[in-house]
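All of the numbers you see were taken from the coordinates with simple rules; none came from a lab. Computed from a prediction, not measured in an experiment: that's the story for all the values here. Using ideal geometry, Cβ is built from the backbone for each residue, glycine included, and neighbour counts are taken over all protein chains shown.
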Amino acid sequence: MTFVVTENCIKCKYTDCVEVCPVDCFHEGPNFLVIDPEECIDCTLCEPECPANAIKAEDDLKDGESQFLELNKELSKIWPVIAERKAMPADAKSWDGKPDKLKLLER
Ligand code: SF4
Ligand code: SF4
């Protein structure tokens, strides 16, 4: 199993999650983070750290969220590792909980 970053991280990207990961499996893109499913050891530490509740266990993904497992897998191969927290985007709070953010994902 792995943990997966899902849609609500897009344009929120608070990065609270990255500091707790013992194996540095978060990767950073322009407005989204992903977890490398091949590195994740299922420690569960990151899930409660996310203020946007965007991190889910693979087995808890709802219908329609399975595409995020594929997206985490694909983008973690391309994007660089992030292991230190950084300032969130200035408008992050205004995007928290907004629907249909997948189309806003920047690669
Ligand atoms: S804490 Fe949540 S919203 Fe922030 S970068 Fe991590 S997964 Fe994305
Ligand atoms: S579950 Fe653990 S190993 Fe996997 S991404 Fe979260 S903190 Fe890292």
Given 0.36 nm per residue, what is the gain on full extension from Glu49 to Leu105 after removing their alpha carbon distance, in nm?
-> 18.0 nm
Just tell me which aspartates and glutamates come within less than 17 Å, Cα to Cα, of Lys77; anything on the same chain fewer than 8 places away is out.
-> Asp24, Glu28, Asp36, Glu38, Glu39, Glu106
With -39,500 (n - 2.57) per DSSP H segment of 4 or more residues and division by the full residue count of the chain, the 222 nm estimate, nearest 500 deg cm²/dmol, is -3500 deg cm²/dmol
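Just want to confirm a number: the relative contact order over the chain, from Cα pairs under 8 angstrom separated by 6+ residues, in percent.
Details: 199 pairs, mean separation 48.2, N = 107.
With pairs under 8 Å counted, the relative contact order is 45 percent.
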Using a simple spin-label model with points 7 Å from Cα along the Cα→Cβ vector, what separation in nm is obtained for Glu65 and Glu38?
-> 2.5 nm
Once both labels are modelled 7 Å past Cα along the beta-carbon direction, what's the Lys77-Ser94 spacing in nm?
-> 3.7 nm
Rg and Dmax [Cα atoms of the chain; Å; Rg one decimal, Dmax integer] | 12.2, 34
Using a cut-off of 11 Å between beta-carbons, work out the net charge of the residues near Glu65 (Lys and Arg +1, Asp and Glu -1, Glu65 not included).
-> -3
